[in-house]
1. Does region 296-314 include one or more residues that are modelled with pLDDT under 80, assigned to a helix (DSSP H, G or I) and under 23 Å from the mean Cα position of the chain (by Cα)?
2. Could you name every one of the helices (runs of 4 or more DSSP H) located completely within region 63-174 that has at least 2 residues being farther than 30 Å from residue 200 by Cβ and in contact (Cβ under 8 Å) with a residue 24 or more places away in the chain?
3. Is there a residue being out of contact with any helix residue (DSSP H, G or I) (no Cβ under 6 Å at 6 or more places or on another chain), over 30 Å from residue 286 (Cβ atoms) and modelled with pLDDT of 85 or more anywhere in region 106-116?
4. Cβ contacts < 8 Å: first residue under 15 Å from residue 55 (Cβ atoms), restricted to region 321-332; second residue outside any helix (DSSP H, G or I), any location; separation 6+ or different chain. Result?
5. Looking at region 119-131, can you tell me whether even one residue there is outside the structural domain of residue 320 (by TED's automatic domain parsing), under 14 Å from the mean Cα position of the chain (by Cα) and modelled with pLDDT of 90 or more?
6. In region 250-267, which residues are under 15 Å from the mean Cα position of the chain (by Cα) and buried (at least 19 other Cβ atoms within 10 Å of the Cβ)?
7. Can we say residue 37 is more than 26 Å from residue 250 (Cα to Cα), within 19 Å of the chain's Cα centre (by Cα), surrounded by 17 or more Cβ atoms within 10 Å (Cβ to Cβ) and at pLDDT below 85?
8. So residue 240 fits all but one of (1) farther than 19 Å from residue 304 by Cβ; (2) surrounded by 15 or more Cβ atoms within 10 Å (Cβ to Cβ); (3) out of contact with any strand residue (DSSP E or B) (no Cβ under 9 Å at 6 or more places or on another chain); what number is the exception?
């Protein structure tokens, strides 16, 4: 029985179909996506590593939100590390083999589910801390232990939801029909592609609906509903509060929601339209156009990996004070090696006093912690 395959966009073809259409991107599209992904990798790597260092090693008094932010940075970092490997293999016929094909294709799925669910957890924790402040005061439910347990549950759920991608993704030898003539004795030109591959049409029809549906439902609509509810309640609470910082906090809320929608809404809407159209007959050009729009909108969704550290970490007063402490420590260590032992002792005293000053400033807080 002929294998049935479909790519990340849930398109599928049978290799004995009457009409063969090549969906390979043009060299210009490949080059533009390479530049965009390189920028995402660079900024995502720097931002998420700084967040992990700050929350993992320098921030002693952790909260549930801190635990969530650390895990979001881990999820984003795993993806930005995998992204250049994915691009390299796609352009060179997957020289890293079948295992890399499975793992790298699963990286986006794991990042999607874990990252989006953790962002929903952050909005829920902020809702409890601000809207339900009186009830949550002194509550043991908002401890680091509970945060770690929730994060563990999120990672397990993300791995479970990624199983279809991990199981069915295989290296597939794709023949180029344009280079093969009917009476030519030579073998047709072929390339290796990493796609979801099935042995039967029944399984393909099920998965081509289930995989994108799970991505849209769990990876976008569920977190969006939770975030809209929680942040709407937070904004109402902040508007009633007589606080000089409330306007800045409200702007942060708007930024978090708007950036989330701008990054993920186009891709999910396009994916929904494409999934529905799979049950209708499409022309070759129409399918190519949809795939181009999907590729572009998916690159926009990737940008969220770079923006998460800014929206959820660097914008917070506490995080900035801890980050300044890191820079102060690095400066002090550098001074010790550059100057004499006598000057080094003086520098150490300056560093200690700077750390104490930083500790005292941590009493200030903001919406984004």
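The values are calculated or read from the model by the stated rules, or taken from the named source; none is laboratory data. What you see is a predicted model, and the numbers here were worked out from it, not measured in a lab. A quick note on method: Cβ atoms are made from the backbone with ideal geometry, for glycine too, and the neighbour counts reach across all protein chains shown.
1. Within region 296-314, the first condition is being modelled with pLDDT under 80, and the residues that meet it are 313-314.
Filter once more, keeping what is assigned to a helix (DSSP H, G or I): 313-314.
Subset that is under 23 Å from the mean Cα position of the chain (by Cα): 313-314.
Yes: region 296-314 contains one or more residues that are modelled with pLDDT under 80, assigned to a helix (DSSP H, G or I) and under 23 Å from the mean Cα position of the chain (by Cα).
2. On the way: elements: 64-91, 98-130, 133-136, 144-168.
Where helices (runs of 4 or more DSSP H) fall fully within region 63-174 and carry at least 2 residues being farther than 30 Å from residue 200 by Cβ and in contact (Cβ under 8 Å) with a residue 24 or more places away in the chain, they are 64-91, 98-130, 144-168.
3. no
4. Between residues of region 321-332 that are under 15 Å from residue 55 (Cβ atoms) and residues that are outside any helix (DSSP H, G or I), the close pairs are 321/362; 321/364; 322/59; 322/362.
5. Initial filter on region 119-131 (outside the structural domain of residue 320 (by TED's automatic domain parsing)): 119-131.
Next, only the ones that are under 14 Å from the mean Cα position of the chain (by Cα) stay: 119-120.
Restricting the remaining residues to those that are modelled with pLDDT of 90 or more gives 119-120.
Yes: region 119-131 contains one or more residues that are outside the structural domain of residue 320 (by TED's automatic domain parsing), under 14 Å from the mean Cα position of the chain (by Cα) and modelled with pLDDT of 90 or more.
6. Of all residues in region 250-267, those under 15 Å from the mean Cα position of the chain (by Cα) come to 256, 259-265, 267.
Matches in region 250-267: 256, 260, 263, 264, 267.
7. On the way: more than 26 Å from residue 250 (Cα to Cα): yes; within 19 Å of the chain's Cα centre (by Cα): yes; surrounded by 17 or more Cβ atoms within 10 Å (Cβ to Cβ): yes; at pLDDT below 85: no.
In short, no.
8. (2)
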